[in-house]
Every structure is written in structure tokens, then in C-alpha cells.
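Take a look at the structure below.
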Amino acid sequence: MYKRLSRDYVCRLGQPIINRVDTSIFRKTYFAHCMQCDFCHDSCCQAGVDIDIENVRRLKRHGKKLQAYVQYPRKQWFDDTFLPEPEYPGGQYTRTRVVDGTCVFLNREGRGCLIHAYCLEQGIDYHKLKPLMCCIFPLTFGHGALVPSYEINYDDLACIGPGPNLYQAVRGDLAYYFGDEFVREMDEVERISLERYRKRMARKQKSSSQRQELHVIS
């Protein structure tokens, strides 16, 4: 079910613009504390990630210093082809390269993203360099809607299960990109959505119990 928001919320990068939300992001949960677990060995990073052209340019400006963290040469960091996409900052995107079976920016000698590690050590807000799609994962966007990622919808994420809901797990990142007013409205949409869901489940359970009682009587 999609819920339309009160207005368009423009990402601080210029795109995307969000005006709807798939309310399943308030019900679906996963183990969000990635760095506290070594079960999947960063499997969500194996395919690389979409990255907008503006983000590529920002990373290239840090290329010399970042190269000290990434074991592969800069010419191997990104796919050569850029594709048009109006919902991405700059209107174009490519992907981070997959090298030796996983994203070129994944730490082979430990855990996690080397862009993130670089930002932390250099005192840089990681949102400025880490791809948007990584920062809001396992959410994504399309046609103005904030939605679960492909991996969630197709049960292809190892950490699906107990934990915070998809929205709460990246609430702080969404506040960075779309502002405090956005998350305040999202909080209210979450509250109403979950309240309606609980009532619906209670009615369903009551109806099921009544059918079972009738079955026993008959």
C-alpha cells in the first residue's frame, strides 16, 4: 500500500524527490547492525551499487587519498558507461565495479565499506562520499516513492528477520538527505500505518478464532 505525503520532499542533492511511501517499510524488519555480525560477510555488497555522476566526481576529487585505502587502481573503480536517469543527482548514473567477486570498495582484509572507513578517518561526513543507495539501503526509490529494495522484496537479504523496521534503521540517513520535516511526517505515517495494521491483524485473528469455534460446535 502506498501513502501519499503532504508535499514533495527534495533530496539535498537535488534528486530524488519523494512524495509517496510504501507502508510495508514500517512492517518489514531486518538485523540492521551489520558491523556487529559476520554471518554473511557483507553479501549485500557483492554486486556493487548504482552511483550517480555527481558522487563519482566527488570521489574522484578524493582519489589520491582514497587510493591508499582501495587496493585497486582508480580506473577500475567504476563502470565506463553512464546511463540517463532523471531521479539520480546529475541525471546520470553508473555502478561501482565488481572486482574478484565483490564491490571494489569493500574491505577485503576486514569488514565494511572502504569509502565509509576513509570518511571516518578523515573526519568527513560519510554521506558526502558514500553512494546514496548504500546510505539508505535496504530502502530505495522510484517514481517518487520510497520503497523496500529488491533484496527485501525477493527475500534475498541474509539479515531479514528480527530487528528494527526498514524505515527506522535508516531514519537518520533519511533526515540528512530529506530534512527533519520529512522524518517528522514519516514518523506520523508510520504511527498511523502500524496502528491500522495491528487493528487489522486483531480483527483477522478474532475472525479466525470464531471460525474455529464454529467448526468445533458443528
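The values are calculated or read from the model by the stated rules, or taken from the named source; none is laboratory data. Computed from a prediction, not measured in an experiment: that's the story for all the values here. Positions of Cβ are generated from backbone atoms using ideal geometry, with glycine treated the same way; all protein chains shown enter the neighbour counts.
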Say whether the condition of being touching a Gly at 6+ places or on another chain (Cβ under 8 Å) and touching a residue at least 12 places away in the same chain (Cβ under 8 Å) is met by at least one residue in the stretch 138-152.
no
Search the stretch 63-77 for residues that are without any contact (Cβ under 8 Å) to a residue 40 or more places away in the chain and pair each with any residue that is of a type in the set (S, T, N, Q) when their beta-carbon atoms are under 9 Å apart and the residues are at least 6 apart or on different chains.
P73/Q67; R74/Q67; W77/T96
Which of (1) in contact with a strand residue (DSSP E or B) (Cβ under 8 Å, 6 or more places away or on another chain); (2) of a type in the set (S, T, Y); (3) within 24 Å of L166 (Cα to Cα) is the odd one out, the single condition S6 does not satisfy?
(1)
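Across the stretch 145-172, what is the number of residues that are in a helix (DSSP H, G or I), surrounded by 19 or more Cβ atoms within 10 Å (Cβ to Cβ) and out of contact with any Asp or Glu (no Cβ under 7 Å at 6 or more places or on another chain)? Outline the logic, then answer.
Step one: of the stretch 145-172, the residues in a helix (DSSP H, G or I) are 150-153, 166-169, 171-172.
From what's left, surrounded by 19 or more Cβ atoms within 10 Å (Cβ to Cβ): 151-152, 166-167, 169.
Those still in the list that are out of contact with any Asp or Glu (no Cβ under 7 Å at 6 or more places or on another chain) too: 151-152, 166, 169.
The number of residues fulfilling the criteria is 4.
When residues of the stretch 125-148 are filtered for being of a type outside the set (A, V, I, L, M, F, W, C) and closer than 23 Å to V189 by Cα, how many remain?
Initial filter on the stretch 125-148 (of a type outside the set (A, V, I, L, M, F, W, C)): 125-128, 130-131, 138, 140, 142-144, 148.
Restricting the remaining residues to those that are closer than 23 Å to V189 by Cα gives 138, 140, 142-144, 148.
Residues in the stretch 125-148 being of a type outside the set (A, V, I, L, M, F, W, C) and closer than 23 Å to V189 by Cα: 6 in total.
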Would you pick out the residues in the stretch 121-144 that are over 8 Å from the mean Cα position of the chain (by Cα), more than 28 Å from K64 (Cβ to Cβ) and not in a strand (DSSP E or B)?
H143, G144
Candidate set: the stretch 188-218, residues that are of a type outside the set (S, T, N, Q), in contact with a Lys or Arg (Cβ under 8 Å, 6 or more places away or on another chain) and at pLDDT 95 or above; chosen: the one farthest from T140 (Cα to Cα)
L194
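Could you tell me which of the residues R95, R27 is within 16 Å of the chain's Cα centre (by Cα) and free of Cβ contacts under 8 Å to residues at least 60 places away in the same chain?
Being within 16 Å of the chain's Cα centre (by Cα) and free of Cβ contacts under 8 Å to residues at least 60 places away in the same chain holds for just one of R95, R27, which is R95.
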So, first residue on the phi > 0 side of the Ramachandran plot in the stretch 167-179, second residue surrounded by fewer than 19 Cβ atoms within 10 Å (Cβ to Cβ), Cβ within less than 8 Å, six or more apart or across chains; the pairs are G179/R12
Residue selected from the stretch 175-189 under the condition assigned to a helix (DSSP H, G or I) and in contact with a strand residue (DSSP E or B) (Cβ under 8 Å, 6 or more places away or on another chain), by the criterion surrounded by the most Cβ atoms within 10 Å (Cβ to Cβ)
M186
Which number in (1) surrounded by 19 or more Cβ atoms within 10 Å (Cβ to Cβ); (2) under 25 Å from I17 (Cβ atoms) marks the one condition that G90 misses?
(1)
Failed criterion for C134 (all others in (1) modelled with pLDDT of 95 or more; (2) surrounded by fewer than 17 Cβ atoms within 10 Å (Cβ to Cβ) hold):
(2)
Please find, within the stretch 45-77, the residue that is surrounded by the most Cβ atoms within 10 Å (Cβ to Cβ) out of those that are of a type outside the set (A, V, I, L, M, F, W, C) and part of a loop (DSSP other than H, G, I, E, B).
G48
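Collect the residues in the stretch 80-120 that are assigned to a loop (DSSP other than H, G, I, E, B) and under 23 Å from G14 (Cα atoms), keeping them in residue-number order.
Within the stretch 80-120, the first condition is being assigned to a loop (DSSP other than H, G, I, E, B), and the residues that meet it are 80-82, 85-88, 97, 100-101, 104-105, 107-112.
The answer is T81, F82, E85, P86, E87, Y88.
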